[in-house]
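Here is the structure we will look at, set down as structure tokens.
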Amino acid sequence: MREYLKYLKGDRVIWIITILMMAFSLVTVYSFVPILVKMEGGTPFQYLFKHLIYVVIGFASMYFIHRTDSKYIGQLTKFLYYLAIILLLYTFFFGAKVNDAGRWIRIPFLGLTFQSSDFAKLALILYVSKLLVRKKDKFDNWKEGIVPLMLPIIVICMLIVKDNFSTAAMLFLLSMVLLFIGRVPFGKLFTIALVGVGAVAMIILIHVSFPELNLLPRYDTWKNRLTNRVVNDETNIDNAQVNNAKLAIHNGSFFGQGVGDGKLKEYLPEAYADFYYSTYVEEFGLFAAIFLVLLYLILLFRIIQIALKTQDLFQSYACLGIGIHLLTQASINMLVCTGVFPVTGQNMPFLAMGGSALIMACVSIGIIQSFSYQIQKQSSQVEGAFAPKNNKI
């Protein structure tokens, strides 16, 4: 293992965790796709091979980015942000629809799809991190400090919200956390939150009053998921999914049913993605579930350590934003599977079957490892400068 890790710079613990998760995802994807085979045809091996392609692309992206000088990442933030807007606009008008949601861009000739919001999330985190550094002395001024920070957040979230409310809401809250970390005054954050709630309420009111405008095409789906969370009607499909997810966790007991022996995965749509955690617990058990939570917490802890070590404020904000985002995604998947949160589409980073989500999670880790590698190089230079020199007489 050490022989191969010498080619991987940066934080070794992060490398080990991400590589182990991606390798393990090949096992779970192969095991968790019976429902997909039943609904769309094909064989488990076909879906495994497709996932393997994404794993290879993700690892290659992670390796290439981590060997890139970290200064270029900061310089590309504005370009990445505008590219995200272009991709979201393209998806808005020409996106491929899956489950009545037009979130995907279909890649010609390859038969693969890419969810533009996955790219937009990372681009926004990096761009806001850069703006926090540029505007750090102007936070008391709405026009020069706060508005330039909020405008990119509002634009990205508005382009995502039509087909993916949960992602837009999570991204907005994550941005608020990033602004709080960046020392934006709490009073201004509170005002922004009130304005945001008021804006959402107004859009919903307009949609309900003038349904022909179709401002929120998935509004009924969102409303049903929230109301079904309160009223536990077992005949409702969302509640049936959640009940099956909780039953799968119950069946897992302490040691699980064994790889490939889970039964509820055949009745759980997205058992390989949105309901990954429940299927994982059913087959691997409570102890494996606790171990998985610990892995994500260790990953976040190591990312925070890198954020605290770097001398570049942009890198600190970017590390914290990425780390919180990855842990939030994993937490939402777990909370949905345990029935705490309403049904929503957030999968497990590095583990669930998916293309763009996996690739962008790998790109995120590649960026963090680039920062970590830069810290290592700076430390080596400092140690070399102060190392005693043997002068021959």
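Coordinate-derived values only; no laboratory data. As the structure is a computational prediction, the values presented were derived from the model and not from experiment. Methodologically, a virtual Cβ is constructed for each residue, glycine included, from the backbone with ideal geometry; neighbour enumeration extends over all protein chains shown.
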Least to most buried among Cys157, Cys337, by other C-beta atoms within 10 Å and fewest first, runs Cys157, Cys337
Computed ³J(HN,Hα) along the stretch 275-292: with the Karplus parameters 6.51/-1.76/1.60, θ = phi - 60°, integer Hz and x for glycine or proline, the list is 10, 4, 4, 5, 5, 4, 5, 4, 8, 10, x, 5, 5, 5, 5, 5, 4, 5
Going residue by residue through the stretch 331-345, the Karplus relation 6.51 cos²θ - 1.76 cosθ + 1.60 with θ = phi - 60° gives ³J(HN,Hα) values, rounded to whole Hz and with x marking Gly or Pro, of 5, 5, 4, 5, 5, 5, 5, 8, x, 6, 9, x, 4, 8, x
Residue by residue through the stretch 15-23, the couplings from Karplus 6.51 cos²θ - 1.76 cosθ + 1.60 with θ = phi - 60°, in Hz, x for Gly and Pro, are 4, 4, 5, 5, 5, 4, 5, 5, 5
Of the residues Phe93, Thr310, Ala361, the Cα lying farthest along the dipole of the chain towards its positive end, which is defined by charges on the beta carbon of Lys, Arg, Asp and Glu, belongs to Thr310
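What is the dipole size for the stretch 9-372, taken about its Cα centre, with +1 at each Lys and Arg Cβ and -1 at each Asp and Glu Cβ, in debye to the nearest 20?
Here the stretch 9-372 has a charge dipole of around 1140 debye.
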Calculated from DSSP helices alone, with each H run of at least 4 adding -39500 (n - 2.57) and the total divided by the residues of the chain, [θ]222 nm to the nearest 500 comes to -23500 deg cm²/dmol
Of the candidates Ile204, Gly10, Asn333, the farthest towards the positive dipole end of the stretch 9-372 (Lys/Arg Cβ +1, Asp/Glu Cβ -1, centred on the Cα centre) is Gly10
Dipole check, the chain, charges on Cβ (K,R +1; D,E -1), about Cα centroid: among Phe371, Val33, Gly321 the Cα furthest to the positive pole belongs to Phe371
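Fewest Cβ neighbours within 10 Å first, please rank His207, His325 accordingly.
His207, His325
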The lysines whose Cα lies under 27 Å from the Cα of Lys377, excluding any fewer than 8 residues away in the same chain, are Lys6, Lys9, Lys71, Lys78, Lys130, Lys309, Lys389
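Quote the Stokes-Einstein diffusion coefficient, in whole µm² s⁻¹, for the chain, based on the Kirkwood radius over alpha carbon pairs, a temperature of 10 °C and a viscosity of 1.306 mPa s.
Details: Rh = 22.4 Å.
This corresponds to a translational diffusion coefficient of 71 µm²/s.
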Ordering 260-269, 183-192 by per-residue average of other C-beta atoms within 10 angstrom, highest first, gives 260-269, 183-192
For Ile105, other-chain or 5+-apart residues with amide H closer than 5 Å (H placed, Pro excluded) are Ala96, Phe114, Gln115, Ser116
